[in-house]
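The values are calculated or read from the model by the stated rules, or taken from the named source; none is laboratory data. Since the model is a prediction, treat every value here as computed from it, not as a measurement. A quick note on method: Cβ atoms are made from the backbone with ideal geometry, for glycine too, and the neighbour counts reach across all protein chains shown.
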């Protein structure tokens, strides 16, 4: 062994020591802070679920309350011992359905335009304008539904047909509110599709519309479905629009021109009143809140399942 090789052999450990990961205080501090934020988020969620479950248990221990009547009867008046949640559920589903009929097709169409058709300069202007709608307070949307959408519907269908408070106007304006969320998330999913897929479609003679609908859209399906389900969850949990424009009384009806109180509207109305602790009316808002939590949790589970099922991995 030459002297040079022997010298390099002895120098090798020092070089390996130089390549070892060194302790960096700033990086460790950032990592610890992120871990703390995640831990607090999980702990907060557990606390919310625990509180909802504890107060809901008090409600279901009330004499006359049982799960069968809770989910099957059509009269909700806890003050007189009527505990059928169906009126609140049906009105919530009605407003959410109307919202999705507006937000899903228009949001997807806007996303396709911004991703596939819009000039980059136009897109830089239109997308921020679209997302500004997401920053408008929901109570403003509520009064917009009450003062603009309801008079418009009454002018079209007749004042004797459309009540001042109705689920249709609340649902339509809710769809306008959710539209930026659906459009933005769907557009991000569409733009994530590799350019090579588009070029391959153009190479075999496909038009831009055929490429967008038959190539890009299926490739981004998992992200689009996730955007749709998040939008539905947002509609189900919306409070101020339905509290202002949909009505303030539980009513089992499928007529969109009539007023009917949703689950979130009921919670807002009851929690704002003067109710003593551990009464059926007070405890009922936690039972409704737990039902809302279960519904949104189910939607999120469906979203993750569909996303994993249809996710495309590109290399």
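Would you confirm whether or not segment 204-214 contains a residue that is farther than 26 Å from residue 111 by Cα, over 17 Å from the mean Cα position of the chain (by Cα) and surrounded by fewer than 19 Cβ atoms within 10 Å (Cβ to Cβ)? Talk me through it step by step, then tell me what you get.
From segment 204-214, those farther than 26 Å from residue 111 by Cα are none; that's our starting set.
Checked segment 204-214: no residue is farther than 26 Å from residue 111 by Cα, over 17 Å from the mean Cα position of the chain (by Cα) and surrounded by fewer than 19 Cβ atoms within 10 Å (Cβ to Cβ).
Look at residue 118 and say whether it is touching a helix residue (DSSP H, G or I) at 6+ places or on another chain (Cβ under 8 Å) and touching a residue at least 40 places away in the same chain (Cβ under 8 Å). It would help to see each step written out before you state the result.
Values: touching a helix residue (DSSP H, G or I) at 6+ places or on another chain (Cβ under 8 Å): yes; touching a residue at least 40 places away in the same chain (Cβ under 8 Å): no.
Answer is no for this residue.
Would it be correct to say that residue 82 is surrounded by fewer than 18 Cβ atoms within 10 Å (Cβ to Cβ), more than 16 Å from the chain's Cα centre (by Cα) and closer than 17 Å to residue 265 by Cα? It is false that residue 82 is surrounded by fewer than 18 Cβ atoms within 10 Å (Cβ to Cβ), more than 16 Å from the chain's Cα centre (by Cα) and closer than 17 Å to residue 265 by Cα.
Restricting 291, 299 to those that are surrounded by fewer than 22 Cβ atoms within 10 Å (Cβ to Cβ), in contact with a helix residue (DSSP H, G or I) (Cβ under 6 Å, 6 or more places away or on another chain), in a helix (DSSP H, G or I) and touching a residue at least 60 places away in the same chain (Cβ under 8 Å) reduces the list to 299.
Between 152, 190, which is assigned to a helix (DSSP H, G or I), farther than 25 Å from residue 251 by Cα and modelled with pLDDT of 90 or more? Reasoning before the result, please.
Details: 152 fails: farther than 25 Å from residue 251 by Cα.
The conditions single out 190.
Any chance segment 22-29 includes a residue that's under 30 Å from residue 297 (Cβ atoms), modelled with pLDDT of 85 or more and surrounded by 10 or more Cβ atoms within 10 Å (Cβ to Cβ)? Checking segment 22-29: not a single residue is under 30 Å from residue 297 (Cβ atoms), modelled with pLDDT of 85 or more and surrounded by 10 or more Cβ atoms within 10 Å (Cβ to Cβ).
Let's see how each residue does on (1) assigned to a loop (DSSP other than H, G, I, E, B); (2) farther than 28 Å from residue 287 by Cα; (3) touching a residue at least 60 places away in the same chain (Cβ under 8 Å); (4) in contact with a helix residue (DSSP H, G or I) (Cβ under 6 Å, 6 or more places away or on another chain):
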residue	(1), (2), (3), (4)
55	no, no, yes, yes
68	no, no, no, no
95	no, no, yes, yes
99	no, no, yes, yes
142	no, no, yes, yes
147	no, yes, no, no
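If you go through segment 65-87 and pick out every residue that is in contact with a strand residue (DSSP E or B) (Cβ under 7 Å, 6 or more places away or on another chain) and on the phi > 0 side of the Ramachandran plot, you end up with 0. The residues of segment 236-255 that are under 14 Å from residue 100 (Cβ atoms) and surrounded by fewer than 24 Cβ atoms within 10 Å (Cβ to Cβ), listed by number, are 236, 237. Output the number of residues of segment 249-284 satisfying the condition of being touching a residue at least 60 places away in the same chain (Cβ under 8 Å) and farther than 16 Å from residue 167 by Cβ. Counting residues in segment 249-284 that are touching a residue at least 60 places away in the same chain (Cβ under 8 Å) and farther than 16 Å from residue 167 by Cβ gives 5.
From 261, 187, grab the single residue that is farther than 23 Å from residue 113 by Cβ and under 25 Å from the mean Cα position of the chain (by Cα). Working first, answer last.
Values: 187 fails: farther than 23 Å from residue 113 by Cβ.
The unique qualifying residue is 261.
Please indicate, with yes or no, whether at least one residue in segment 186-202 is surrounded by 20 or more Cβ atoms within 10 Å (Cβ to Cβ), touching a helix residue (DSSP H, G or I) at 6+ places or on another chain (Cβ under 7 Å) and within 30 Å of residue 289 (Cβ to Cβ). Within segment 186-202, one or more residues are surrounded by 20 or more Cβ atoms within 10 Å (Cβ to Cβ), touching a helix residue (DSSP H, G or I) at 6+ places or on another chain (Cβ under 7 Å) and within 30 Å of residue 289 (Cβ to Cβ).
Criterion applied to 191, 234, 195 was being without any contact (Cβ under 8 Å) to a residue 24 or more places away in the chain and either within 21 Å of residue 106 (Cα to Cα) or out of contact with any strand residue (DSSP E or B) (no Cβ under 8 Å at 6 or more places or on another chain) (or both), and the one residue passing it is 195.
Taking the conditions exactly as written (out of contact with any helix residue (DSSP H, G or I) (no Cβ under 7 Å at 6 or more places or on another chain) and either part of a helix (DSSP H, G or I) or under 21 Å from residue 110 (Cα atoms) (or both)), does residue 183 satisfy them or not? Taking the combined requirement at face value, the residue does not satisfy it.
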